Every structure is written in structure tokens, then in C-alpha cells.
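Just below is one structure, and these are the notes that go with it.
Derivation of every value follows stated rules applied to the coordinates shown; laboratory data play no part. Computed from a prediction, not measured in an experiment: that's the story for all the values here. Here the Cβ positions follow ideal geometry from the backbone for every residue, glycine too, while neighbour counts run over all protein chains shown.
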Amino acid sequence: MAATWLDFWNGSHRIYVNARHAEVHYAKLAADFIDRIPAPSAVVVDWGCGEAYNAEEIVAHAGRLVLCDAAPATLERLRQRFGARPGRIDIVAPDEFRERYRGSVDLFVVNSVLQYLSDAELAQLFADARAALAPDGTLIIADVIPQRDDVLGDICNLLAVGLKNGFFLAAVVGLVATFFSPYRRLRTTVGLSRHDEAEFLQRLEDAGFAARRVHPNMGFDQRRMAFAARPV
Ligand SMILES: C[S@@+](CC[C@H](N)C(=O)[O-])C[C@H]1O[C@@H](n2cnc3c(N)ncnc32)[C@H](O)[C@@H]1O
């Protein structure tokens, strides 16, 4: 049984209610990611990338895409899926990333990951991003959960996305399954990390960034926050 969020992500989970949900989710993220790529030669990082189904589409708009995740099982699946594109798609664990990328990253994206990080892991992420970014590079941290818990909003958001994209019934079934799942157990025992806008901007500043909140958020949930930061 998963004791930590990383165990959860490294195991076989059912966070996407069906294949259509995963497809719609990753397609939207890819479109949002591509919008933020500064140049066709850019080195871009997707940190905490998960399944990254649309990596080929993203790298078609960049010089190199680095897929970084801490879950070994996820890295293994990514290597099987994209291993034939060495060089343009680089698949790394966070410690490999730290060794390989220094001062060379143009865009560093972290989407929907902060809620699973401890305070110490967040500090390490800021230090890694600061060291990896080129002087004019950009860090985007998106899908950050605000302090106020809103489970009803989470439910409505999933149902609305399901209704619009043809998986409404699967979303209803998925919600019932989530109620009995390890995700809900971890959400009540370990909890999700949440952030306050002003305090988060201050933390980024203390870590050596000039930062601001940006709109829209990446993905489908506009209740969550996105930030853009540059090294100073
Ligand atoms: C909700 S998924 C997000 C995947 C993708 N970024 C997205 O937006 O769909 C969270 C991801 O964060 C990764 N993760 C969790 N803890 C991590 C850590 N300490 N370091 C790096 N990645 C981590 C998990 O393995 C998982 O792939």
C-alpha cells in the first residue's frame, strides 16, 4: 500500500478515469506547453512530467525536451515509449537532471506537482531550477493548489471536462472509485501541499527569482494558480 505520494505515482494508479481522459488532459497540457516555448531551438524541461503522452508534439516545437520524474516506473515507461529519440527527448531522474543541466535551460515547466512535494523537496526544486536555467530562462510553476480546500469544485471540474470531452459517465464512475482509492486515503493522511499566492511569490524571491502570478493556469482548472519566474 502506498505510504507516500511518490509510492502512489510509482504504482499502478487510476488517476485518469479512462484513456480518453488521459488523452484530453495531456493534449491540453501539450498545447499550453507549446504556447510558452520561447524559440524553436529552446531547451525545455517538463519536471514531474508523468506519462507525457504528447512529448513528440512538444519537442517538434523545441530543440530538446527533458522529461524528468522521480518515479522509476514512470521513467521506465517513458524510455520504452520515447527511447528511440535520444538527444531530442532526454529522460532523467531528478539527480541525473541536476548533474546534466546547468545554466542551459530556456523553459522549465512544473505542472501539477507541487501538491505532492514536502517543504524540503520544494526548496530543492527551486535550487535545481535556479541552477539549470539560462540567465534569460523562465520557470513556470502551474496548477498550484490554493489554501482553501474545494473538493466540490474538484468534482464539478472533472464532470465539466468529462461532459465537454465525451467521458462524462466514466468521470462519474471514476469519482466513485476515487472515494475508495489510495488517492483519497493519502489525501486525508499525508495531505496535499497548498500555497498562498503572496507567500509563494516571497519564497520564489528568496530562492533567487523575480516572480509573478500569471493567467491562465495550464490545464483545465482555473481555480489553481500559475507563476512565472526568472533568475535574478
Ligand atoms: C499529477 S502528476 C503530474 C504529471 C504532469 N506534470 C501533469 O501535469 O499531468 C505528478 C507527477 O509528479 C511526480 N512527482 C511526485 N513527487 C515527485 C518528486 N519528489 N520529484 C519529482 N517528481 C515527483 C510524480 O511521479 C508524477 O508523475
Which of T74, T188, T138 fluctuates most in a GNM of the chain (C-alpha springs under 10 Å)? That residue is T188
May I ask you to evaluate 6.51 cos²θ - 1.76 cosθ + 1.60, the Karplus curve with θ = phi - 60°, for each residue of the range 106-118 and list the ³J(HN,Hα) values in order in whole Hz, giving x for glycine and proline? 8, 9, 10, 10, 10, 10, 6, 10, 4, 5, 9, 9, 6
Cα axis of helix 119-132 to longest principal axis of the chain: angle in degrees, 0 to 90, nearest 10? 40
Residue span E76 to Q115: 0.36 nm per residue of separation minus Cα-Cα distance leaves a gain in nm of 11.7 nm
For D136 and R100, what is the calculated FRET efficiency with R₀ set at 25 Å and r taken between the beta-carbons, to the nearest 0.05? 0.80
Compute the acute angle (0 to 90°) between the alpha-carbon long axis of helix 151-165 and the principal axis of greatest extent of the alpha-carbon atoms of the chain; round to the nearest 10°. 90
Taking the alpha-carbon centre of each part, the distance from the range 24-91 to the range 188-203 in Å is 26
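Give me the compactness ratio for the chain, meaning the Cα radius of gyration over 2.2 N^0.38 Å.
Here the Cα radius of gyration is 0.98 times the empirical estimate.
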For the chain, percent of DSSP beta bridges that are antiparallel (nearest 5) comes out at 35
Helix 168-179 versus the longest principal axis of the chain: what is the Cα-based angle in degrees, 0 to 90, to the nearest 10? 90
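At a 10 angstrom cut-off on C-beta neighbours, averaged per residue, how do the peptides 197-204, 126-133 rank from highest to lowest? Provide the component values of the computation, followed by the final result.
Working: 197-204: 14.9, 126-133: 20.2.
Averaged packing, sorted descending, gives the order 126-133, 197-204.
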Normalised contact order of the chain, rounded percent, pairs of Cα under 8 Å and 6 or more residues apart: 22
